[in-house]
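The values are calculated or read from the model by the stated rules, or taken from the named source; none is laboratory data. The structure displayed is predicted, hence computed values, not measured ones. Here the Cβ positions follow ideal geometry from the backbone for every residue, glycine too, while neighbour counts run over all protein chains shown.
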Amino acid sequence: ISPDQDHYDHLFKIVLIGDSGVGKSNLLLRYTKNQFKINSQSTIGVEFATRGIKVEDQYVRAQIWDTAGQERYRAITNAYYRNAVGALLVYDITKYSTFQNIERWFAELREHAECNISVLLVGNKSDLRQSRAVSFDEASSYAKKHNIAFIETSALDSTNVEKAFVKVIHDIYHQTI
Ligand code: GDP
Ligand code: MG
């Protein structure tokens, strides 16, 4: 039985949060379908997508939730966070304000989610080196200070996308199983 079929041992709900335009939908699209959309905006909003992964000898189904653009109005509902065991807090390395807003997203997450949720800070669009506005070191210090993991990704060229999801899935596994 492959992990993409109906059988699985564990279902992990993972939520994507962060400002509009940082690449949340494309990270999901890259990880679950190996696709990328140049001009996506909110048009590719799905409720969630899944991918199977084997961890140790167990099949895990990662059910990854994406916003349908409601983050623009800061109107993410409680239902979005309910039962989430993992979260990717995403900012855009070329837009400093999206990194500053991580503080607010992180606060909202702590308010709505379980306290033992596995959180990964994700600096996306690492392919846009020439437009970098958030240094690796500043984001890395922020993550250390808050005791969360950190990675830079590119949904466009695939760098570290797989690694980011695998990391959070493994963290959840070791937290909960
Ligand atoms: P969301 O609003 O957070 O879901 O962001 P989207 O996934 O819709 O992406 C917003 C815009 O950024 C789109 O035009 C994407 O093509 C672009 N984008 C997303 N990820 C990357 C990336 O890793 N690199 C680059 N260069 N552009 C990206
Ligand atoms: Mg989106």
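Screening the candidates 59, 81, 96 for the property of being more than 16 Å from residue 164 (Cα to Cα) and touching a Pro at 6+ places or on another chain (Cβ under 8 Å) yields one hit, 59. Looking only at the stretch 6-27, filter to residues that are among the acidic types (Asp, Glu) and touching a strand residue (DSSP E or B) at 6+ places or on another chain (Cβ under 9 Å); which one of those is surrounded by the most Cβ atoms within 10 Å (Cβ to Cβ)? Taking the candidates together, the pick is 19. Need pairs with beta-carbon distance below 8 Å; first residue assigned to a loop (DSSP other than H, G, I, E, B) and within the stretch 8-23, second at pLDDT below 95; sequence gap 6+ or separate chains. Matching pairs, first to second residue: 18/71; 19/71; 20/42; 20/69; 20/71; 20/72; 21/41. Output the residues belonging to the stretch 83-102 that are free of Cβ contacts under 8 Å to residues at least 60 places away in the same chain and surrounded by fewer than 18 Cβ atoms within 10 Å (Cβ to Cβ). Within the stretch 83-102, 96, 100 meet the criteria. Residues in the stretch 24-40 that are closer than 22 Å to residue 78 by Cα and either part of a loop (DSSP other than H, G, I, E, B) or not polar (S, T, N, Q) (or both): 24, 28. Scanning the stretch 118-140 for residues that are hydroxyl-bearing (Ser, Thr, Tyr) and surrounded by fewer than 22 Cβ atoms within 10 Å (Cβ to Cβ) turns up 126, 131, 135, 140. Restricting attention to the stretch 138-177, and to residues there that are in a helix (DSSP H, G or I) and of a type in the set (Ser, Thr, Tyr), which single residue is nearest to residue 103 (Cα to Cα)? Step by step, filter the stretch 138-177, then rank; the result is 142. Scanning the stretch 78-122 for residues that are over 15 Å from residue 64 (Cβ atoms) and touching a Ser or Thr at 6+ places or on another chain (Cβ under 7 Å) gives 91, 92, 93, 94.
The requirement of being crowded, with 21+ Cβ neighbours inside 10 Å, touching a residue at least 24 places away in the same chain (Cβ under 8 Å), among the basic types (Lys, Arg) and within 13 Å of ligand 1 (Cβ to nearest atom) is fulfilled somewhere in the stretch 28-37, by at least one residue. With respect to residue 90, is the statement that it is modelled with pLDDT of 95 or more, within 15 Å of the chain's Cα centre (by Cα) and of a type outside the set (Asp, Glu) true? In short, yes. List the strands (runs of 3 or more DSSP E) that sit entirely inside the stretch 54-137 and contain at least 1 residues that are over 16 Å from residue 149 (Cα atoms), more than 16 Å from ligand 2 (Cβ to nearest atom) and touching an Asp or Glu at 6+ places or on another chain (Cβ under 9 Å). Hits in the stretch 54-137: 58-65.
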